[in-house]
Amino acid sequence: MRKPLYILLSFIVLTSCSEYQKALKAEGDDAVKKKFEMGESLYNEGKYDKANRLFAQIVPNYRGKPQAQKLMYLYSNSFYEMKDYYVAAYQFERFASSYPKSEKLEEASFLSAKSYYMLSPVYSKDQKETKEAIEKLQTFINLFPESGYLKEASDLVQELDFKLEKKAYSIAKQYNHISDYPASIKSFENFIFEFPGSSLREDALFYKLDSSFKLAVNSVESKKEERLLEAKKTCTTFINTYTNSEHIEEVNNMALEIDNELKNYSNKS
């Protein structure tokens, strides 16, 4: 019983493939209509790559025609479903620009912005695409403040913002790790200024202090007092701000050592 069924299924598949190949090679007005119909059918079946190839052939034929709007939406979304986000972002932007009164405008605008989000790399890499995605998503939020996609768009922006935070934080911490304390201090200062509400702020302030402390105690004599006083300021800020921090014992030890070092300068005075 299974063998005839297998043969039947194989026949259907081969026939289907044959029909598809014929449609791809066909020319003329009737072929254009056939490609649209077959492409839409394949699209609805989730066969986006095959549908995309058919749509690509007929897009020029539908320019200025009533069916063009539907075709361009399906064509744009087929790229998105194929995870070709560079092209999807571009095609959805074209759709939004060409059909500003379309009922699909909001969805197309969101998917264009989300395509940029999908292109954002891991935080350890260059974040050019991440910044661009934030800009596109924010533009969408501004244009469609009542959108059903608003929460998702806002969540995506938050996620991307945190990725930028992690990138900036990791760079500053790396300077601390390789003992480039001046660069570490400057980087953590920039981080604290740029991301005042960050969940990483406590650790950032701690490692800024750690860098300040190590720079000060290992300084040449001519710069030591000034740097100790700077480290003491950071120490005081940390203790006053994060009383229950997991770093507090280490910070208190640094504060004690800084005070002992500064006593030498008081005695000299």
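The values are calculated or read from the model by the stated rules, or taken from the named source; none is laboratory data. Not measured: the values here are computed from a predicted model. Cβ atoms come from the backbone with ideal geometry, glycine included; neighbour counts cover every protein chain shown. For the accessible areas, the whole protein counts, side chains as well, though only heavy atoms, and no ligand, DNA or RNA atoms are used. Shrake-Rupley method; radii C 1.70, N 1.55, O 1.52, S 1.80 Å.
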Where labels lie 7 Å past Cα in the beta-carbon direction, separation of Asp155 and Lys47 in nm: 3.4 nm
Extension gain from Ile239 to Gln174, taking 0.36 nm per residue of separation minus the Cα-Cα distance: 21.0 nm
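When the Kirkwood radius is taken over all Cα pairs of the chain, what Stokes-Einstein diffusion coefficient follows at 20 °C and 1.002 mPa s, in µm²/s? Please list the in-between numbers first.
Values: Rh = 23.6 Å.
Rounded to a whole number, D works out at 91 µm²/s.
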In degrees, nearest ten, helix 85-98 long axis to first principal axis of the chain (Cα): 70 degrees
Between the range 122-168 and the range 173-218, the alpha-carbon center distance in angstrom: 26 Å
Normalised contact order of the chain, rounded percent, pairs of Cα under 8 Å and 6 or more residues apart: 8 percent
Charge sum, other residues only, whose C-beta stays under 11 Å from Met38's C-beta, Lys/Arg counted +1 and Asp/Glu -1: +3
0 to 90° range, to nearest 10: angle between helix 29-44 axis and the chain longest Cα axis: 50 degrees
Of Phe213, His247, Leu228, farthest towards positive along the dipole that unit charges on Lys, Arg, Asp, Glu beta carbons give the range 199-269: Leu228
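Express the accessible area of the chain per residue in Å², computed with a 1.4 Å probe while the remaining protein chains stay in the model. All intermediate terms of the calculation are to be shown ahead of the outcome.
Details: 16370 Å² over 269 residues.
Using a 1.4 Å probe on heavy atoms only, each residue of the chain averages 61 Å².
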Interatomic Cα distance distribution for the range 31-177, bins of 10 angstrom, percent: 12, 34, 29, 17, 6, 2, 0
Charge dipole magnitude, Cβ of K and R +1, D and E -1 - the chain, Cα centre, debye nearest 20: 1180 debye
Extension gain, Leu143 back to Leu256 (0.36 nm per residue minus Cα-Cα distance, nm): 35.2 nm
Among 70-76, 143-149, 39-45, the order from most to least packed when residues are scored by Cβ within 10 Å on average: 70-76, 39-45, 143-149
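Starting with the highest mean, order 110-117, 188-195, 215-222 by the number of other Cβ atoms within 10 Å, averaged over the residues of each peptide.
110-117, 188-195, 215-222
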Acute angle (nearest 10 degrees) that the helix 248-268 long axis makes with the longest principal axis of the chain, alpha-carbon atoms: 40 degrees
Inter-probe distance in nm under a simple model that places probes 7 Å from Cα toward Cβ, at Ser98 and Cys17: 3.3 nm
